[in-house]
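Reviewing the structure listed below.
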Amino acid sequence: MAAEFSHARAGVGRQTGRDVIDKLEFFIALASEKHFGRAAETCGVTQPTLSAGIKQLEGQLGVMLVKRGSRFQGLTPEGEQVLRWARRIVGDSRAMKEEMRAARHGLSGHIRIAAIPTALAMVVRLTTPFRKKHPGVTFSILSRTSIEVLTLLGNLEIDAGITYLDNEPLGRVASVPLYEERYRLITSAGNPLSDRDRVTWAEVSRLPLCLLTPDMQNRRIIDQHLADAGVQVRPTLESNSMIVLFSHIRTGKWSSIMPLNLTETLGFSESIRVIPIIEPDASHTVGLVAAPRAPQTPLVSALLDEAMALASDFRAAG
């Protein structure tokens, strides 16, 4: 397949390099959206244009890439192989154009970051100093699960992600550890355990808790530590939004388990207690991840540098 694909790239003949990149972009979008209409909309073309481009790509490569039917039915085995090449080629093309733009005009452009919900509040510590140095750069920040972060990164739909580095498999990524996430019981004064200096995971399990939904890695981490303590929890409320959890905690009727850095960033009134959870005093590493490309695009390279500076600040602060 590698030889066939290299041959197809070298022998495009009547096709321009831009034509080939466009078709690869169409193919990547279809693999991501799994729907011809949505893929066309993502690429800003009509559905017939997208379909024709993919058929032309199949003709150039001499293999079927997409299982044919009245609707999208998946990629063929050859399509899966070509998808890996397509992502590499399109990624390199984007990196080259960005590097040339930076050489002419300085660092500018748009950075797309997806972050797990528990890390969203600290993203400002990365984006604010970055934009001070590079005022021509804008950002999109998305809230996503850890699995979605890696999927978006692999599909070239984001430039970087912020997620856990040491709990579930990451695959091949470039990463910068930022900080250690430690866990606290968040509860109102007067509630059970609110007068304690520290509590155990087993004790916390007996409280009415509001937690993130099970599709969030933070929730899976919490469930695992509770299981290690020989207990399990049935939350009285679940949400994929930290805002929902915070609003319920502020009523004084709900408790939660949250990362220490998040509670320090957003802050609570004096009536809310933030209590360390022990047995164990658990921690997990959160960091910035990017595609393992060498060289990185100028924007991502600068973002990785900023992440390393932020990591130094976190270490200095203890």
| note | Sorted list, accessible surface of protein heavy atoms, 1.4 Å probe, largest first, for HIS35, HIS225 is HIS35, HIS225
| field | Inter-part distance where the stretch 227-264 and the stretch 128-189 are each reduced to a Cα centre, Å | value | 21
| said: Not counting ligands, DNA or RNA, and with a 1.4 Å probe, what is TRP85's accessible surface area in Å² rounded to the nearest 10? | reply: 60
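About its Cα centre, what dipole magnitude does the chain give when the only charges are +1 on Lys and Arg Cβ and -1 on Asp and Glu Cβ, stated in debye to the nearest 20?
Working: 37 positive and 33 negative charges, 177 e Å.
Dipole of the chain, to the nearest 20 debye: 840 debye.
At a 1.4 Å probe radius, which order do THR46, THR285 fall into by accessible area, largest first?
Numbers: THR46 80, THR285 25 Å².
From most accessible down to least: THR46, THR285.
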| task | Using only Cα atoms, figure out Rg for the stretch 194-297 and give it as a multiple of 2.2 N^0.38 Å. | result | 1.21
| note | So LYS67 and ALA294, fully extended at 0.36 nm per residue minus their Cα-Cα distance, gain in nm 78.4 nm
| field | Debye intensity ratio in log₁₀ form over the Cα atoms of the stretch 116-190, taken at each q of 0.12, 0.14, 0.19 Å⁻¹ | value | -0.42, -0.56, -0.93
| Cα to Cα, under 26 Å, and not fewer than 8 places away if on the same chain: which lysines meet these conditions relative to LYS55? | LYS23, LYS34, LYS67
| task | Report the label-to-label distance for SER143 and ASP313 in nanometres (one decimal), using points 7 Å from each Cα along the Cα→Cβ vector. | result | 2.3
| R0 of 25 Å, Cβ-Cβ distance ASP197-ALA227: FRET efficiency to nearest 0.05 | 0.50
| D_trans [Stokes-Einstein, Kirkwood Rh over alpha-carbon pairs] for the stretch 126-278, 37 °C, 0.692 mPa s, µm² s⁻¹ | 191
| field | Distance in nm between pseudo-label sites at SER271 and GLN47 (7 Å out along the Cβ direction from Cα) | value | 5.5
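For the chain, what does the equivalent ellipsoid look like in terms of its semi-axes, each the square root of 5 times an eigenvalue of the Cα gyration tensor, given largest first in whole Å?
On the way: eigenvalues 392, 106, 51 Å².
After scaling each eigenvalue by five and taking roots: 44, 23, 16 Å.
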| Debye sum, Cα scatterers, the stretch 58-157, no solvent: what log₁₀ I/I(0) at q = 0.11, 0.14, 0.22, 0.23 1/Å? | -0.53, -0.77, -1.17, -1.21
| request: Starting from the Cα of LYS133, draw a straight line to each of the lysines and keep only those under 29 Å, dropping any in the same chain fewer than 8 residues away. | output: LYS97
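The values are calculated or read from the model by the stated rules, or taken from the named source; none is laboratory data. Keep in mind it's a predicted model, so treat the numbers as computed, not measured. In this analysis, Cβ positions are derived from the backbone assuming ideal geometry, glycine residues included, and neighbour counts consider all displayed protein chains. All accessible areas refer to the heavy atoms of the entire protein, side chains included, with ligands and DNA or RNA removed. Shrake-Rupley method; radii C 1.70, N 1.55, O 1.52, S 1.80 Å.
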